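The values are calculated or read from the model by the stated rules, or taken from the named source; none is laboratory data. The shown structure was predicted, so the numbers you read here are calculated from the model rather than taken from an experiment. Backbone-built Cβ (ideal geometry, glycine too); neighbour counts: all protein chains shown. Side chains included, ligands, DNA and RNA excluded: accessible areas come from the protein's heavy atoms. Shrake-Rupley method; radii C 1.70, N 1.55, O 1.52, S 1.80 Å.
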Amino acid sequence: MAVLGNPDMLTRKIKLCHINAHITCRLCDGYLIDATTVTECLHTFCRSCLVKYLEENNTCPTCRIVIHQSHPLQYIGHDRTMQDIVYKLVPGLQEAEIKKQREFYQKLGMEVPGDIKGELCSMKTHLDQRNGNAKSEETANKEAGEEKPEEENDYHRSDEQVSICLECNSSKLRGLKRKWIRCSAQATVLHLKKFIAKKLNLTSFNELDILCNEEILGKDHTLKFVVVTRWRFKKSPLLLHYRPKMDLL
């Protein structure tokens, strides 16, 4: 890896083995995949490794600090910055991971989700550039400018989608007229809170709790994370309940 400093200084190269400890998962000893960080202590692991570990534990695997007595999964979050760093530092890791995901879905006879398709297209473009088949920078920038409106109007329709049923379990709130929705798997619980608050004309989305299997969901959890950790063995749609914060279970 080349580290650029002052233009008058020589470029210094660092061996990957010298920084492996900072970009590997303590649970599987492999490079971080879908990097996920514990909010209490900021230690990072592969998401699948950490979720599996927290099914039977409530402490951080590294420092043993108690994450939460009963709901540790609510206090972890996707670390996109760390994952981007890992992919940039380790040659071929991102391409290999995308290939594995594609083969997994194809083996099950399922369509490859939209977000993986998008990453595959980006990877192909990157490889074309490395092979000298890319267009000039000026042409590429011009085409990117022309395509921008189309990308902005996509509204994440090319993402992996999640079907949801939103039910009200409180007499203090009315049910939604249309409780069945379909949205991007990258949407968060906070997005759902804002959506419900808008539909019910509430003064603030902070007045709501959203639950899955009678467990309150963290506002930063993505719907994909909810499906994987709380609905993995159940059929679609994902059933969620909403209620005022002051209600009791």
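The set of residues in the range 162-186 that are modelled with pLDDT under 90, open to solvent by less than 60 Å² (accessible area, probe 1.4 Å) and of a type outside the set (Ser, Thr, Tyr) comprises VAL162, CYS183, ALA185. Can you name the residue in the range 41-95 that is aliphatic (A, V, I, L, M) and in a loop (DSSP other than H, G, I, E, B) and is also nearest to GLU214 (Cα to Cα) among such residues? Only one residue fits best here, namely ILE67. Scanning the range 44-82 for residues that are open to solvent by 60 Å² or more (accessible area, probe 1.4 Å), touching a strand residue (DSSP E or B) at 6+ places or on another chain (Cβ under 7 Å) and closer than 26 Å to LYS100 by Cα returns a single hit, HIS78.
Looking across the range 188-217, the residues that are surrounded by fewer than 19 Cβ atoms within 10 Å (Cβ to Cβ), part of a loop (DSSP other than H, G, I, E, B) and either among the polar types (S, T, N, Q) or in contact (Cβ under 8 Å) with a residue 12 or more places away in the chain (or both) come down to ASN201, THR203, SER204, ASN213, GLU214. The set of residues in the range 218-248 that are charged (D, E, K, R), assigned to a loop (DSSP other than H, G, I, E, B) and either out of contact with any Lys or Arg (no Cβ under 8 Å at 6 or more places or on another chain) or open to solvent by 90 Å² or more (accessible area, probe 1.4 Å) (or both) comprises LYS219, ASP220, ARG232, LYS234, LYS235, LYS245.
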